[in-house]
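Heads up, the thing below is written out as structure tokens.
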């Protein structure tokens with residue numbers, strides 16, 4: 001389950017203290033939905049709620065019901081709980097937080113680079129202050145917009161979904177600070193109200209400045225290993241030991257920012273609130289443009305892809321989305337899966353396992369894919385889309401120009417701010 005699925009599960013299946021169910025004090029909420037299995041033949045089943053169930057949840061007229069579920073799920077993750085099937089059918093589990101949160105800050109970083117949060121902040125602002133976008137005749141659109149404002153753009157600072165305080169007055173700046181600390185990276189754009197490609201925020205002296213350099217080298221070595229594993233005529237020069245070494249270096253970098261992962265629960269690790277809040281927020285807004293939803297229809301921005309929908313909505317409110325936003329959407333989940341595995345599972349520290357992964361897609365490709373095959377697909381998704389979004393060569397690193405690297409320009413021609421010094 002993704003984070004929105006898990007919050008929905010918490011809303012209907014997890015209780016408050018005293019075994020009190022989560023409910024609204026004022027309005028009737030939709031009946032509990034049933035999750036469906038999206039990949040029944042996979043060794044790692046993925047469960048999700050159907051689109052209309054997610055929409056019904058996101059458009060409940062009482063946002064306090066949604067917010068309570070968000071907080072309940074936060075404490076479930078911290079308690080390392082397992083979201084299981086009903087007792088009547090204990091054959092599997094929906095989500096497990098025993099080893100990790102299942103969320104990663106990289107997911108939010110990549111999606112926020114699309115400018116999705118700035119674009120929808122502008123949509124909500126115009127909807128609330130004017131009738132320029134038109135008056136919505138649909139209750140779903142009305143409730144979704146009002147819920148979005150209440151959950152993510154409020155002044156109340158007491159909830160885990162909010163990163164504002166008197167000390168940190170800007171949630172935008174708080175997220176940027178977290179990205180800079182974990183990845184040594186800025187977002188690709190500045191303030192939506194200006195043409196600048198930068199925004200002032202507190203830059204930490206402790207940050208992983210070499211993270212992206214190392215991550216790109218890692219992806220490049222994975223690609224070379226994958227190609228060599230498919231080489232039936234020449235020598236196989238794959239070095240799984242260097243891949244293990246890179247994975248361990250990445251793990252050490254991220255652990256340095258999080259703190260003592262062995263003795264602290266998720267809620268007490270450095271950057272956990274920023275991670276949870278950012279992943280939740282980007283997932284909330286990504287869902288509403290994942291199909292031609294009532295909100296997309298209200299804005300008359302229908303399309304066959306999530307990236308094109310965002311570009312159309314951005315143009316409508318005067319904020320140009322990243323021109324490679326489709327690639328950012330497509331690789332966000334896979335990048336998060338890879339980095340979570342590096343941090344928590346130990347699979348990518350195992351040279352033999354990595355070797356099996358590199359050859360897992362060799363013909364004839366097994367059906368269903370093994371766990372190794374699913375991971376190899378995740379790497380290929382990231383490699384292909386990383387090249388598109390950044391313009392930086394992963395498959396042929398010798399072609400890169402040494403020096404400062406920048407993500408592809410935004411639609412308005414402004415350079416996207418990713419300054420990474422290559423060795």
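The table below lists the values:
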{"quantity": "Segment 318-363-segment 81-135 distance, computed between alpha-carbon centres (Å)", "calculated": "19"}
{"quantity": "Label-point separation, residue 388 to residue 23 (7 Å along Cα→Cβ), nm", "calculated": "4.7"}
{"quantity": "Listed residues 138, 346, 307, most fluctuating in the chain (Gaussian network, C-alpha, under 10 Å)", "calculated": "138"}
{"quantity": "For the chain, diffusion coefficient by Stokes-Einstein and Kirkwood Rh (Cα), 25 °C, 0.890 mPa s, µm²/s", "calculated": "108"}
{"quantity": "Estimated FRET transfer efficiency (residue 168, residue 365; beta-carbon r; R0 45 Å; 0.05)", "calculated": "0.40"}
{"quantity": "Candidates 110, 163, 269: whichever shows maximal mean-square fluctuation once the chain is modelled as a Gaussian network with Cα springs under 10 Å", "calculated": "269"}
{"quantity": "On Cα atoms only, tilt of 3-13 relative to the major axis of the chain in degrees", "calculated": "50"}
{"quantity": "Cα gyration tensor, segment 5-59 - rounded (a/c under 1.5), prolate or oblate", "calculated": "oblate"}
{"quantity": "Cα gyration tensor shape for segment 234-335, rounded if a/c is under 1.5, else prolate or oblate", "calculated": "oblate"}
{"quantity": "Stokes-Einstein translational diffusion, segment 1-159 - Kirkwood Rh over all Cα pairs, 1.567 mPa s, 4 °C, in µm²/s", "calculated": "74"}
{"quantity": "For segment 30-111: rounded, prolate or oblate by the Cα gyration tensor [a/c cutoff 1.5]", "calculated": "rounded"}
{"quantity": "Span from the segment 377-391 Cα centroid across to the segment 1-57 one, whole angstrom", "calculated": "31"}
{"quantity": "Fluctuation leader among 79, 200, 173 - the chain, Gaussian network, Cα springs under 10 angstrom", "calculated": "200"}
{"quantity": "Calculated [θ] (222 nm, deg cm²/dmol) that DSSP helices of n ≥ 4 give over the chain, each run adding -39,500 (n - 2.57)", "calculated": "-15500 deg cm²/dmol"}
{"quantity": "In degrees, nearest ten, helix 171-183 long axis to first principal axis of the chain (Cα)", "calculated": "20"}
{"quantity": "Nearest 10 degrees, 0 to 90: helix 139-152 Cα axis against the chain principal axis", "calculated": "70"}
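Quick note: the coordinates plus some simple rules give every number you see, no bench work behind them. As the structure is a prediction and not an experimental result, all values here were calculated from the model. Virtual Cβ from ideal backbone geometry, glycine too; neighbours counted across all protein chains shown.
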